[in-house]
Structures are given as structure tokens and as C-alpha cells.
Amino acid sequence: KLAGEWTQDPVTKAWSHSEVEFNQFNPERPLVLDTVLDAIGKTPLVKLQHVPKAHGVKCNVYVKCEYLNAGGSTKDRIAKRMVEIAEKTGKPGKLVPGVTLIEPTSGNTGIGLSLASAVRGYKCIITMPKKMSKEKAIAMASLGSTIIRTPNEAGFDSPHSHIGVALRLKSEIQDAVVLDQYCNPGNPLAHYEQTAEEIIYDMGDKHIDLVVLTAGTGGTVTGISRKIHERIPTAKVVGVDPHGSILAGPAETDIDFYEVEGIGYDFLPGTLDTSAIDYWAKSHDKESFLMARELIRTEGILCGGSSGCAVHYALEECKSLNLPEDANVVVLLPDGIRNYITKFLDDDWMNERHFLDA
Ligand SMILES: C=C(NCc1c(COP(=O)(O)O)cnc(C)c1O)C(=O)O
């Protein structure tokens, strides 16, 4: 198993891991790339021009557009990093041509791994709950992956869940490897050594006061939060967790269905370091989708549902903290509209769920 141990230097506050070497951050990227996998990372930060004011927020809000990654989401980063680690170290399994990658996912990690498999010549089997969009399934199938849908109501520890089915398939298929985004250090590491460094580098002399991040496996919030606290100790990091999920802590034990894809779970993933998060906001579907639609319509930001979730609750925090005009807030937008064309972008889909009711 790769999980290994994270340790933090008591003086520099820098993190290291017992099993993995870290890549150096290089802000430059050549324009001619060896493969499409090199078109992952270096996504732009965009300053919102209208949405903050429309919601009574006077500070500066910058959104990191992760839908501009090669596979369309921030999860391309961890897919590439987990494959790199396995190719280099053979952990959690040897990746040789013809090997079968099996991964439980809400879709975006699956797209990232399907992309890497198409480029590297691996076979790929994805297990994904039925709740997740058809668009994501079609993207993965187009990249050559086999998709197995699992029941939404199956708990994480059920043999019928996307995790349970992936583990069963691994035991049945020869030369199969489950990289396992829920405990693989390559998940938070990709964000600690790259996503967070991009944010710090690109913000330059604009002081970062608040970072708002949705959480699913917790890799994004763990990796970014650790680096932000290491380099900008005064900055606060807020995690956003949907009602119906328990990531924000035992108080939210009411596990329930919600529509936003990719965030929240009925268990605490090994890649989530809750001590790295200053505090949590609990989110609702309606506000998340309405904000995503507003960002698209008034800012031209073609983002997904969890992006609307992150921005809505970031604005709520700006108001409750009464952040001044010169404060700077960074929000990560994990994926884009391609994954949801027939879902929250469609008025009928929204009306069926009363998300457009006043
Ligand atoms: C866990 C997976 N996605 C995480 C995710 C997240 C959360 O990112 P984490 O780094 O897993 O906490 C937010 N928004 C979207 C649209 C996502 O797809 C997955 O694609 O398997």
C-alpha cells in the first residue's frame, strides 16, 4: 500500500512524505508539449467583475479555472501524479503496458485516468455511482474506458458501492492496479506542489486573505491548505461540504442525497486532513447551481456545479467576515459545463427539482 506517512518540518512548516519524492515547481511551460498530459496545470486565475458586487461583496474575488485542464477538471492533476508515482515506484502497483487501471470515482478522476491510459496504453475500468452525469461517462468511454455504474444508496463500505466493486474487480482481474485517490498521497501532493504554488506565484504581491475550496476526497483542500498555511500563515482556508455529507464533522451525521457531483462523502477519506482546514461551510444544491448559472451568464466562466458551490459560500464568508475592499479571496473552480449540459444547465432539470422556484 502506498499511503505512507506525512511529516511537517517544525521550523519551515514544509511537508514531506515517506514514500514519494516531490517535484520542483516551475512556473514556465513550453508551448510545444510532448503529450496532452503536459497540458495539465498552469490554469488561469480570473478576477470576477460582476458577481461579488451583485451579492453585496466589496472585496476582490479571483477564481482558478480548473476546467481549462486537458481533461476538463482539477482531477487531471492527481490522475497524472498518481500514474507518475506508480510508474516510477511501482506503488501501489506496477504500471506496465497492458495493465488494467481500476478506479472508483465521481467521474473527473476517471476522465483524468482515462486520458492518461489513452496516452500511456493502459486499460482502464471505472466504477461510478449512477448519480453522476452521462456526459462524464461518455467522455471516459470515448477515451477507451469501461464504465460500471453503481447504486447511489450503497454506502462506501458496501460491496455494491463504487469502491466495493472496484476492489472486487481488482481481486478478479490479473495485473489490475487501483491507484485509489482516497488514500494515495499523489492526490494531495499534486495540489501541494503545483496547484497551490500556481496560486501563490500568480497572485504575486496581491495578499491572499481567504481561500475557499470544496471537498470530496479532500485532496485539493488538504494540499492547497497545507501550502497556503506554510507560506501565508495569516490566510484562512474554508472547506465547503454539502448537507448530507459528513466531511465537516460528526455534527453532520445525517447522510443524505444531494445533486452536486464530486463533493461530500459518507466517510472520511485518508486524503482529507481536517486539521489543515480553518473552518467549514455547509452547502445546499439550489444555491450552488444558481451561482454556477450566474457565473456562466454574467462572467462567461463556463464552470460546473461544485464551482457555483465554492463561489456562493465564498461570498457568504466574505460577508460574514466583512472583508474590506482591498482583501483578496481565491476560489478554485474544479470543473466545467461540459460535464453537465443535460443537467443543471437545462431549465427543465432545474424546474423538476424546484431549483428555479423563487
Ligand atoms: C473525487 C472526485 N472528484 C472531486 C471533485 C471535487 C472535490 O475535489 P477533492 O480534491 O476530491 O476534494 C470538487 N468538484 C468536482 C467537480 C469534483 O469532481 C472524482 O472525480 O472522483
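FYI, it's all coordinate maths here, none of it is from the lab. Everything numeric here is computed off the predicted structure, so don't read it as measured data. Virtual Cβ from ideal backbone geometry, glycine too; neighbours counted across all protein chains shown.
Given the options S306, S73, S161, state which has the largest fluctuation in a GNM of the chain using a 10 Å cut-off (strictly under) for Cα springs.
S161
Per residue of segment 93-99, what does 6.51 cos²θ - 1.76 cosθ + 1.60 with θ = phi - 60° give for ³J(HN,Hα)? Whole Hz please, x for Gly and Pro, Karplus curve as stated.
Working through the residues one at a time gives x, 6, 9, 10, x, x, 5 Hz.
If you put +1 on each Lys and Arg Cβ and -1 on each Asp and Glu Cβ, how big is the dipole of segment 114-219 around its Cα centre, in Debye rounded to 20?
700 debye
Treating the Cα atoms of segment 15-156 as identical point scatterers in vacuum, please give the log10 of the normalised Debye intensity I(q)/I(0) at q = 0.14, 0.17, 0.19 Å⁻¹, two decimals.
-0.79, -1.03, -1.15
Using only Cα atoms, figure out Rg for segment 203-253 and give it as a multiple of 2.2 N^0.38 Å.
1.28
At a Förster radius of 22 Å, what calculated FRET efficiency corresponds to the Cβ-Cβ distance of N23 and K94, to the nearest 0.05?
Efficiency at R0 = 22 Å is approximately 0.60.
I need two numbers for the chain: Rg to one decimal and Dmax as a whole number, Cα atoms only, in Å.
Final numbers for Rg and Dmax: 19.2, 58 Å.
Please state, to two decimals, what the Cα-based radius of gyration of segment 122-181 comes to when divided by 2.2 N^0.38 Å (N = residues).
That ratio works out to 1.10.
Can you list which of the trypsin sites (Lys or Arg not before Pro) found in segment 1-106 are DSSP loop residues with at most 11 other C-beta atoms within 10 Å?
K1
If you average 1/r across every pair of different Cα atoms in segment 277-358 and take the reciprocal, what Kirkwood value do you get, in Å?
The Cα-based Kirkwood calculation yields 13.5 Å.
Taking only the C-alpha atoms, wrap a convex hull around segment 1-54 and report its volume per residue in Å³ as a whole number.
Hull volume over Cα atoms, normalised by residue count, gives 230 Å³.
Would you mind checking which residues have amide H under 5 Å from V178's amide H? H placed 1.01 Å from N; only 5 or more apart, or other chain.
Here I102 satisfy the definition.
Can you tell me the dipole magnitude for the chain around its Cα centre, using point charges on the Cβ only (Lys, Arg +1; Asp, Glu -1), in Debye to the nearest 20?
640 debye
Hey, with R₀ at 30 Å, roughly what FRET efficiency would D357 and F156 work out to, going by the Cβ-Cβ distance, to 0.05?
So the FRET efficiency works out to roughly 0.40.
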